[in-house]
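Heads up: the structure comes next, in structure tokens.
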Amino acid sequence: MSQQIPTTAVMAEGLIARDHWIQVQPEQIRATLSRLQAEGFTYFLFLTCVDHLATPLLQQPPQRFELVYQLRDLKQRREIRVRVFLPEERPEIASVQDIFAAANWDERETWDMFGVKFEGHPNLERILMPEDWIGHPLRRDFPVGGEPVDFSEDHETWQTAPPPA
Amino acid sequence: MADSTPAGLSAPAGPMTEHGQGMTIQRTRLQGRDGDLLTVNFGPQHPSTHGVLRLIVDLEGEVIRGLKPVIGYLHTGIEKQMEALRWQQAVVLTDRHDYLSPPINNLAYALAVEKLLGVEAPPRAQVLRVIMSELTRLSSHVVWLGTSSLELGAMSAFMYGFREREKVMDLNEEISGFRMHTSYIRPGGVFADATPRFLEMLDAFIREMPRNVDEYENLLTHNPIWIARTKGIGHLRPEDAIRLAASGPMLRGSGINWDLRQDRPYSGYDKYDWEVAVEDGCDCYARYLVRIKEMRESVKILRQALDGLPPGPVNIDDRKILPPPREELETSMEAVIHHFKLATEGYSLPPGDVYVAVESGRGENGCYIVSDGTHKPRRAKFRSASFVNIQALEQLALGSMVADLIAVIGTADAVLGDVDR
């Protein structure tokens, strides 16, 4: 299969528990996904992020954030997972919502939950958390619990953005 | 007295709000458009939005010109909470996101964990999983049928639907002890074997269910009002269904023959003789027909599963993953050690990530888990059918009348707990 994708783009390829995956450079994501779409992977399953902060793995992931795109070919009944690693200091990547319309909300969710920026997204705003939330809850350094109940006395001083100047 | 402003433009220049029943209306004037656009806030507390879906609708007269779903009102952080629980504890959270189909959510998670562990549930457990999945699909579809038809003014189907849901709840209670959040399907097998009473109740249920589906059909399928409210409404072309990754009855109602139970079989679904329900009407009525047919097919699968229920254990025989049976603890030191290790530490999964999808009543319910080799998930993500199907609402509703929006939301069959997770 890798011969059909631009070979320069694929950095690694493998099978894990019978799932096929490839890894590409962040700059190549749009080219890779368009190419895969042309090959029949027309059904966009999901896009999400994995935070590898302080991972116990012996083989360290190259960067902190890993983006995972899962695509499916409905005709040949096959799936492919595309991995991209993004650095901690600049988690930014080109948006693919114009290639796969279904990625629109997934990109917003990934921005909301992990703070990964998708350049070229028309409406990159929080989708699940309140608009004035500070931080990105699914990052591993975001604590579980500890926040007060909404509309309680100290809510205003807690995780609420300062009023616009 | 001559009015200097032309008719229809007499509203004040600034935004004006009125408080109607259950909705706030904000009137704004857009320049350069034919006629005024009225922006209406719809929900989140609205009886016909199936929970807490909020829509911001731009209306031109009664025609929808813009639609923006606003979600997140039921966000409970299930994915974050799962990272703090051990692999075997996290099952209880999977029950709760799509609260109309807990066993199917359990199944997606259990299959993902088993796939990464490289184990497979024993044959009897697989058939019990199929039985619970199909019962859940039936109960989810009857709730859908009841609530959606109630929103369009058909009261009786709601009563009939909840009558059958009650029977499925009783079956859940009999086999797992819980009526709703069963946590019945777990990595390695199921919670407990089916009791003889459960099998009797199931047999009776399968016998009477086809007649109940006939009753629903008598009420709705040829009902002129139901047809007028759903036929030709909420058109979704097949290419748009794929583009927006719609799944389940949304996809099959648009004429695409894709059902994970047949196209990517799991839990032995390939052994049953049944048909995928496909309709090419592409509208709300087609989605209704798909769900009705799916109910009949589910009954077929249930009959075959019940008749072919093989004997044997319902859990894998691996002491590193599942605790030993109670009686072994009294005689075996090793069993005590295994029990202690599992209760205090749990088991670890080999590093890696897998994606497993199962067909729920709403569509593709996927579970993507990442393990870093420890006893807790590094990341667990649910690809929920409701989230993706709600994204397609704009495509479905633009250009239709505001009253048809109710039919469109209804046949999208979103569970907001599943949308927001």
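The values are calculated or read from the model by the stated rules, or taken from the named source; none is laboratory data. All values derive from a computational prediction rather than experimental measurement. Using ideal geometry, Cβ is built from the backbone for each residue, glycine included, and neighbour counts are taken over all protein chains shown.
Of all the criteria given as (1) β-branched (V, I, T); (2) more than 9 Å from chain B (Cβ to nearest Cβ); (3) under 16 Å from B:G72 (Cα atoms); (4) assigned to a loop (DSSP other than H, G, I, E, B), the one not satisfied by A:I127 is (2). Considering segment A:56-74, and only residues there that are touching a Gly at 6+ places or on another chain (Cβ under 9 Å) and at the interface with chain B (Cβ under 10 Å from one of its Cβ atoms), the residue that is nearest to A:R18 (Cα to Cα) turns out to be A:Q70.
Would it be correct to say that B:R261 is touching a residue at least 24 places away in the same chain (Cβ under 8 Å), basic (K, R) and within 30 Å of B:G308 (Cα to Cα)?
Values: touching a residue at least 24 places away in the same chain (Cβ under 8 Å): yes; basic (K, R): yes; within 30 Å of B:G308 (Cα to Cα): yes.
Taking the combined requirement at face value, the residue satisfies it.
With respect to being within 12 Å of chain A (Cβ to nearest Cβ), among the hydrophobic types (A, V, I, L, M, F, W, C), over 20 Å from B:A380 (Cα atoms) and touching a strand residue (DSSP E or B) at 6+ places or on another chain (Cβ under 7 Å), B:V57 falls outside the description.
May I ask you to verify whether B:F387 is within 11 Å of chain A (Cβ to nearest Cβ), surrounded by 22 or more Cβ atoms within 10 Å (Cβ to Cβ), aromatic (F, W, Y) and farther than 25 Å from B:E239 by Cβ? So B:F387 fails the test.
Being outside any loop (DSSP other than H, G, I, E, B) and either over 20 Å from the mean Cα position of the chain (by Cα) or among the hydroxyl-bearing types (S, T, Y) (or both) is a description that applies to B:I225. A:E39 passes every criterion in (1) surrounded by fewer than 21 Cβ atoms within 10 Å (Cβ to Cβ); (2) touching a strand residue (DSSP E or B) at 6+ places or on another chain (Cβ under 8 Å); (3) within 11 Å of chain B (Cβ to nearest Cβ) apart from (3). With the condition kept exactly as written, say whether any residue in segment B:173-191 is over 23 Å from the mean Cα position of the chain (by Cα) and of a type outside the set (A, V, I, L, M, F, W, C). Yes - at least one qualifying residue is present in segment B:173-191.
Taking the criterion of being within 21 Å of A:E13 (Cβ to Cβ) and either in a loop (DSSP other than H, G, I, E, B) or facing another protein chain (nearest Cβ under 9 Å) (or both), the residues of segment B:366-384 that qualify are B:Y368, B:V370. Checked against the criterion of being within 20 Å of B:V354 (Cα to Cα), part of a strand (DSSP E or B), out of contact with any His (no Cβ under 6 Å at 6 or more places or on another chain) and among the polar types (S, T, N, Q), the candidates A:T110, A:T48 yield just one match: A:T48.
Residues in segment B:330-343 include none that are in contact (Cβ under 8 Å) with a residue 40 or more places away in the chain, surrounded by fewer than 23 Cβ atoms within 10 Å (Cβ to Cβ) and among the hydroxyl-bearing types (S, T, Y). Annotation note: Cβ proximity below 6 Å between a residue of segment B:160-187 that is closer than 22 Å to B:I321 by Cα and a residue that is among the hydroxyl-bearing types (S, T, Y) and in a helix (DSSP H, G or I) (sequence gap 6+ or interchain) occurs for B:T182/B:S176; B:Y184/B:S176.
Exactly one residue out of B:G399, B:G363 is within 14 Å of chain A (Cβ to nearest Cβ), in contact (Cβ under 8 Å) with a residue 24 or more places away in the chain and out of contact with any strand residue (DSSP E or B) (no Cβ under 6 Å at 6 or more places or on another chain): that is B:G363.
From the list B:S247, B:S267, B:S254, which one is assigned to a loop (DSSP other than H, G, I, E, B), surrounded by 20 or more Cβ atoms within 10 Å (Cβ to Cβ) and away from chain A (no Cβ under 13 Å)?
Working: B:S247 fails: away from chain A (no Cβ under 13 Å); B:S254 fails: away from chain A (no Cβ under 13 Å).
Just one listed residue meets the conditions, B:S267.
Can you name the condition, by its number, that A:L71 falls short on among (1) surrounded by fewer than 21 Cβ atoms within 10 Å (Cβ to Cβ); (2) touching a helix residue (DSSP H, G or I) at 6+ places or on another chain (Cβ under 8 Å); (3) in contact (Cβ under 8 Å) with a residue 12 or more places away in the chain? Condition not satisfied by A:L71: (1).
Within segment B:154-161, is there a residue that is among the hydrophobic types (A, V, I, L, M, F, W, C), in a helix (DSSP H, G or I) and under 14 Å from the mean Cα position of the chain (by Cα)? Give the steps one after another, and end with the answer.
Our first condition is that a residue be among the hydrophobic types (A, V, I, L, M, F, W, C); within segment B:154-161, this holds for B:154-155, B:157-159.
Now narrow it down to the ones that are in a helix (DSSP H, G or I): B:157-159.
Right, trim to under 14 Å from the mean Cα position of the chain (by Cα) and you get none.
Looking through segment B:154-161, none of the residues is among the hydrophobic types (A, V, I, L, M, F, W, C), in a helix (DSSP H, G or I) and under 14 Å from the mean Cα position of the chain (by Cα).
Take B:I78 and decide whether it is modelled with pLDDT of 85 or more and surrounded by fewer than 17 Cβ atoms within 10 Å (Cβ to Cβ). So B:I78 fails the test.
Working only within segment B:347-360, note down all residues that are assigned to a loop (DSSP other than H, G, I, E, B) and either surrounded by fewer than 18 Cβ atoms within 10 Å (Cβ to Cβ) or acidic (D, E) (or both).
Narrowing segment B:347-360 to residues assigned to a loop (DSSP other than H, G, I, E, B): B:347-351, B:360.
B:S348, B:P350, listed by residue number.
Among the criteria (1) of a type in the set (F, W, Y); (2) out of contact with any helix residue (DSSP H, G or I) (no Cβ under 6 Å at 6 or more places or on another chain); (3) under 27 Å from B:V419 (Cβ atoms); (4) within 12 Å of another protein chain (Cβ to nearest Cβ), the one A:W111 does not fulfil is (4).
Set side by side, the residues A:A94, A:A54 differ, and just one is surrounded by fewer than 20 Cβ atoms within 10 Å (Cβ to Cβ), at pLDDT 90 or above and more than 19 Å from B:S247 (Cβ to Cβ), which is A:A94. Against the test of being more than 23 Å from A:E27 (Cβ to Cβ), modelled with pLDDT under 90 and not polar (S, T, N, Q), the options A:E131, A:E88 yield a single qualifying residue, A:E131.
Is it true that B:S139 is within 28 Å of B:Q89 (Cβ to Cβ) and either in a helix (DSSP H, G or I) or among the small types (G, A, S) (or both)? Outline the logic, then answer.
On the way: within 28 Å of B:Q89 (Cβ to Cβ): yes; either in a helix (DSSP H, G or I) or among the small types (G, A, S) (or both): yes.
Spelling it out, B:S139 is indeed within 28 Å of B:Q89 (Cβ to Cβ) and either in a helix (DSSP H, G or I) or among the small types (G, A, S) (or both).
Any residue in segment A:87-106 that's part of a strand (DSSP E or B): show its pairings with residues that are basic (K, R) at Cβ separation under 8 Å, as long as the two are six or more apart or on different chains. Matching pairs, first to second residue: A:E92/A:K117; A:I93/A:K117; A:A94/A:R30.
Surrounded by fewer than 16 Cβ atoms within 10 Å (Cβ to Cβ), free of Cβ contacts under 8 Å to residues at least 24 places away in the same chain and not acidic (D, E): is that true of A:Q76 in this structure? For A:Q76, the condition - surrounded by fewer than 16 Cβ atoms within 10 Å (Cβ to Cβ), free of Cβ contacts under 8 Å to residues at least 24 places away in the same chain and not acidic (D, E) - is not met. Residues in segment B:213-244 that are over 28 Å from B:E164 (Cα atoms) and free of Cβ contacts under 8 Å to residues at least 24 places away in the same chain were compared, and the one that is surrounded by the most Cβ atoms within 10 Å (Cβ to Cβ) is B:I242.
For every residue, the table says whether it meets (1) surrounded by 21 or more Cβ atoms within 10 Å (Cβ to Cβ); (2) assigned to a helix (DSSP H, G or I).
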position: B:W258; (1), (2): yes, no
position: B:Y288; (1), (2): yes, yes
position: B:M295; (1), (2): yes, yes
position: B:K300; (1), (2): no, yes
position: B:P323; (1), (2): no, no
